[in-house]
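Below: one structure, written as structure tokens.
The values are calculated or read from the model by the stated rules, or taken from the named source; none is laboratory data. Nothing here was measured: the structure is a model prediction, and the numbers come from that model. Backbone-built Cβ (ideal geometry, glycine too); neighbour counts: all protein chains shown.
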Amino acid sequence: MPPVTFYFDVGSPYAYLAAERIARVLPEPARWQPVLLGGLFKLTGRNSWALGDDRRRQTGVAEIERRARGYGLPPLRWPDPWPADYLAVMRATTYAFGAGSGHEFAMSAFRSAFQRGTDLSIVAHVLDAARDAGLERDDVQAAIQDPEIKRSLRAATDAAFELGVLGVPTVAVGDRLFWGDDRLEDAAAHMRSVPAR
């Protein structure tokens, strides 16, 4: 089986939808890789669908809420404001993976944002999510400012872009990329079609 990687940013509701389903849908576990969606936007020259055109935003929000219902997830509660600056929480996510609690922290942050409507651009809220994931608040606060963590997140984002990752969620199965929470089933089908080595 080729390596399987799940690229995500906890500020993305589509990535939240994928994170809640990925373990059930994919036949093998994926390695979770935090990347900064804002960094990908800069590299691609794009911007969030949720900014600018209000009609497009309303349509997108309604679609995400419809998908959440279809997946059997709790009703979405949107942070206010959303989207916001998720740099601190993504640095905390990067630290958490290095500390062995990445999955727990990512799910705590996703659910805090999209099940409870918590604004994760506020560092205190990030530290609450860290505590809920079993991490020490002081360690996470220090990590958010740690130059090595900053470099690591930037390098991961740049490396993902070099592989062709343009947004989140993206699942990479070897060199095949599946972008979107609605592509998990396609990624799973591709994984099953790859001959075992």
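Whenever a residue of region 7-21 is touching a residue at least 24 places away in the same chain (Cβ under 8 Å) and farther than 20 Å from residue 72 by Cβ, its partners that are part of a strand (DSSP E or B) and of a type outside the set (Gly, Ala, Ser), lying with C-beta atoms within less than 6 angstrom and at least six residues away or across chains, give the pairs 7/33; 7/170.
Yes/no per residue for (1) among the aromatic types (Phe, Trp, Tyr); (2) at pLDDT 95 or above; (3) under 17 Å from the mean Cα position of the chain (by Cα); (4) more than 23 Å from residue 87 (Cα to Cα):
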{"position": "1", "(1), (2), (3), (4)": "no, no, no, yes"}
{"position": "7", "(1), (2), (3), (4)": "yes, yes, yes, no"}
{"position": "10", "(1), (2), (3), (4)": "no, yes, yes, no"}
{"position": "13", "(1), (2), (3), (4)": "no, yes, yes, no"}
{"position": "22", "(1), (2), (3), (4)": "no, yes, yes, yes"}
{"position": "31", "(1), (2), (3), (4)": "no, yes, yes, no"}
{"position": "34", "(1), (2), (3), (4)": "no, yes, yes, no"}
{"position": "38", "(1), (2), (3), (4)": "no, no, yes, no"}
{"position": "49", "(1), (2), (3), (4)": "yes, no, yes, no"}
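For region 38-51, give me the residue count where each residue is in contact with a helix residue (DSSP H, G or I) (Cβ under 8 Å, 6 or more places away or on another chain) and outside any loop (DSSP other than H, G, I, E, B). Residues that pass the stated criteria total 5.
Scanning region 7-23 for residues that are in contact with a Leu (Cβ under 9 Å, 6 or more places away or on another chain) and either of a type in the set (A, V, I, L, M) or assigned to a helix (DSSP H, G or I) (or both) gives 10, 13, 15, 16, 17, 18, 20, 21, 22.
Considering only region 134-155, I want to know if a residue exists there that is polar (S, T, N, Q), closer than 14 Å to residue 10 by Cβ and either modelled with pLDDT of 95 or more or out of contact with any helix residue (DSSP H, G or I) (no Cβ under 8 Å at 6 or more places or on another chain) (or both).
Let us first name the residues in region 134-155 that are polar (S, T, N, Q), namely 141, 145, 152.
This time we only want the ones that are closer than 14 Å to residue 10 by Cβ, so: none.
No, region 134-155 contains no residue that is polar (S, T, N, Q), closer than 14 Å to residue 10 by Cβ and either modelled with pLDDT of 95 or more or out of contact with any helix residue (DSSP H, G or I) (no Cβ under 8 Å at 6 or more places or on another chain) (or both).
Once region 69-105 is narrowed to residues that are touching a helix residue (DSSP H, G or I) at 6+ places or on another chain (Cβ under 8 Å), surrounded by fewer than 23 Cβ atoms within 10 Å (Cβ to Cβ) and among the aliphatic types (A, V, I, L, M), the residue that is farthest from residue 6 (Cα to Cα) is 76.
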